[in-house]
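Please read the structure below before turning to the comments.
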Amino acid sequence: MTIHRFDEVTSTNDKAREMVADGVPGGTIVIARSQTAGRGRSGRSWFSPSDDNLYISFIHRTTLDPRSCAGMTIDVGVVLAELLTRKGFDVELKWPNDVLLNGLKVAGILCELVTDGPHPVVIVGIGLNVNGSDFPAELNGIATSLLNASHEPHDIETLEEDLIRDLTQALNRYDARTTPNVEGYRKHFRMMGRQVLLAGGESAEVEGIADGGGLIVKTPEGSRTLRSGEVKFVGIDR
Ligand code: BTN
């Protein structure tokens, strides 16, 4: 395992992608103190000021076929939820893989697949708001940090070491098992019965997590399982 540290990058996922093209081995990790163009899911940006938070990307080389990699993101969410629970935080997972603390987002996961070699490479990008306390106005009521929730600073290096250890184990376990850790996920899942808006604006009620990691929702037309995408909480999410 090699860790490459940078003061500033556009995005640790972009840096990781460049490294994949250069042929670095699996287990290579990119960590930056700040990002100038941190990326979130669905084309959003990820607020990435200097020093306060963790911005990290893991390069995971796997022999699984690309379709089987989709569930990995569920396991990454479980790793973060369990890590933060052990540190005393009462976190929940919002499907597919947002980590919420007091209903606000404390960590996000952006898994990207590179498929131009003989085997796929999964770049697992994680942003964890640790000691940042000032968020831009547009993140009011959306984002939080460990500091904001606990009113005390946390040691980023320790969190980093624990995360690297747990994530390495979880990704190797996923490769061996090829099914997501749904049991672990359900322990941190509290969306049951909640009203959500689906991507097309349709409203639905959450019924649970399917064994394959999808979200089961009930709409006026009946129940169905969403395999990808996101849902918004009615009245809270923008
Ligand atoms: C999301 O919740 O929308 C995903 C956010 C992922 C942010 C992390 S920060 C490290 C890595 N580099 C990026 O540009 N994005 C991910």
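The values are calculated or read from the model by the stated rules, or taken from the named source; none is laboratory data. Everything numeric here is computed off the predicted structure, so don't read it as measured data. Positions of Cβ are backbone-derived with ideal geometry, glycine not excepted, and every protein chain shown enters the neighbour counts.
The table below lists the values:
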{"item": "Failed item in (1) in contact (Cβ under 8 Å) with a residue 40 or more places away in the chain; (2) in a helix (DSSP H, G or I); (3) over 18 Å from the mean Cα position of the chain (by Cα), with Glu18 passing the rest", "result": "(1)"}
{"item": "Condition met for Ala37 (free of Cβ contacts under 8 Å to residues at least 60 places away in the same chain, closer than 16 Å to Leu110 by Cα and buried (at least 22 other Cβ atoms within 10 Å of the Cβ))", "result": "no"}
{"item": "Residues that are under 21 Å from Pro120 (Cβ atoms) and at pLDDT below 95, drawn from the range 181-228", "result": "Gly212, Gly213, Gly214, Arg227, Ser228"}
{"item": "Search result, residues across the range 68-97 that are crowded, with 20+ Cβ neighbours inside 10 Å, closer than 18 Å to Gln169 by Cα and among the hydrophobic types (A, V, I, L, M, F, W, C)", "result": "Cys69, Met72, Ile74, Val76, Val78, Val79, Leu80, Ala81, Leu83, Leu84"}
{"item": "Qualifying positions in the range 176-185 - buried (at least 17 other Cβ atoms within 10 Å of the Cβ) and either in contact with a Gly (Cβ under 7 Å, 6 or more places away or on another chain) or part of a helix (DSSP H, G or I) (or both)", "result": "Pro180, Val182, Gly184, Tyr185"}
{"item": "Any hit, the range 28-44, residues being more than 16 Å from the ligand (Cβ to nearest atom) and more than 29 Å from Gly208 (Cα to Cα)", "result": "no"}
